[in-house]
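Q: Structure provided below as structure tokens; questions to follow.
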Amino acid sequence: MVIIKRLMRFLFIDKSLKSDVVFLKKVALFGGLSDRTLSKIALIIFKRNYVQGEPVYGEKQEADVLYIIKNGRIKINNESGEKIAESGDFFGEMSLIADKKHDSSAVALKNSELYLIYRVKFDDLVDLDAKAGLQIMKNLSKILALRAKCSEI
């Protein structure tokens, strides 16, 4: 345990990791998580830049990634319309809990930096920290319930 604490202190020396943790604190999906847990999440993130007009994913493509917008704008199209997502928003969250293909498409409206969390990495994190996984799933259920309520209006 002492070694893990020392390692975590060492990791927080890295300015990029600190910056990622500060950003992740603002993402609703990760509400209520400790800095330590957020640093674990930051370590499994794959950062990807998309240029304006570049597809993020297409309809019927394998859905195995959660996308978090660090900066930029993404347009998501599905059968019920389109949605514009911006910094701090996330999409593709169902890929964390369901093995399916996308029923939408997403494209960068301007140059964008996205944080990607692959399902296999998320599963590994949950295996190591079930408490964090439970908190994320609670947050996700609240967010999905709120989205459903808003779409009924």
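The values are calculated or read from the model by the stated rules, or taken from the named source; none is laboratory data. If you're wondering where the values come from, they're calculated on a predicted model, not measured in any experiment. Note that we place each Cβ from the backbone using ideal geometry, even for glycine, and neighbour counts take in every protein chain shown.
Q: Please list, ordered by first then second residue, the pairs with beta carbon atoms under 9 Å, 6 or more apart or interchain, first in the range 41-52 and among the hydrophobic types (A, V, I, L, M, F, W, C), second loosely packed, with under 12 Cβ neighbours inside 10 Å.
A: Close Cβ pairs (under 9 Å, with a partner that is loosely packed, with under 12 Cβ neighbours inside 10 Å) amount to Ala42/Ser16.
Here's the yes/no breakdown for (1) under 23 Å from Ser19 (Cβ atoms); (2) in contact with a strand residue (DSSP E or B) (Cβ under 6 Å, 6 or more places away or on another chain):
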{"site": "Asn71", "(1), (2)": "yes, yes"}
{"site": "Glu79", "(1), (2)": "no, no"}
{"site": "Asp89", "(1), (2)": "yes, yes"}
{"site": "Ala106", "(1), (2)": "no, yes"}
{"site": "Leu109", "(1), (2)": "no, yes"}
{"site": "Leu114", "(1), (2)": "yes, yes"}
{"site": "Asp129", "(1), (2)": "yes, no"}
{"site": "Lys142", "(1), (2)": "no, no"}
{"site": "Ala145", "(1), (2)": "no, no"}
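Q: Here are some residues: Ile41, Ile97. Which one is surrounded by fewer than 19 Cβ atoms within 10 Å (Cβ to Cβ), among the aliphatic types (A, V, I, L, M), under 15 Å from the mean Cα position of the chain (by Cα) and under 26 Å from Lys138 (Cβ atoms)?
A: Exactly one residue qualifies, and that residue is Ile97.
Q: Anything in the range 117-137 that is in a helix (DSSP H, G or I), β-branched (Val, Ile, Thr) and in contact with a helix residue (DSSP H, G or I) (Cβ under 9 Å, 6 or more places away or on another chain)? List them, or say none.
A: Residues satisfying the conditions are Val126, Ile136.
Q: Is it true that some residue in the range 97-106 is touching a Phe, Trp or Tyr at 6+ places or on another chain (Cβ under 9 Å), in contact (Cβ under 8 Å) with a residue 40 or more places away in the chain and within 14 Å of Phe30 (Cα to Cα)?
A: No, that holds for no residue.
Q: Got a sec? Which of Leu140, Leu114 is under 24 Å from Glu86 (Cβ atoms) and in a strand (DSSP E or B)?
A: Leu114
Q: So if I check each of Phe46, Phe30, which one is out of contact with any Phe, Trp or Tyr (no Cβ under 9 Å at 6 or more places or on another chain), closer than 22 Å to Glu93 by Cβ and modelled with pLDDT of 95 or more? Steps first, please.
A: On the way: Phe46 fails: out of contact with any Phe, Trp or Tyr (no Cβ under 9 Å at 6 or more places or on another chain).
So the residue among Phe46, Phe30 that is out of contact with any Phe, Trp or Tyr (no Cβ under 9 Å at 6 or more places or on another chain), closer than 22 Å to Glu93 by Cβ and modelled with pLDDT of 95 or more is Phe30.
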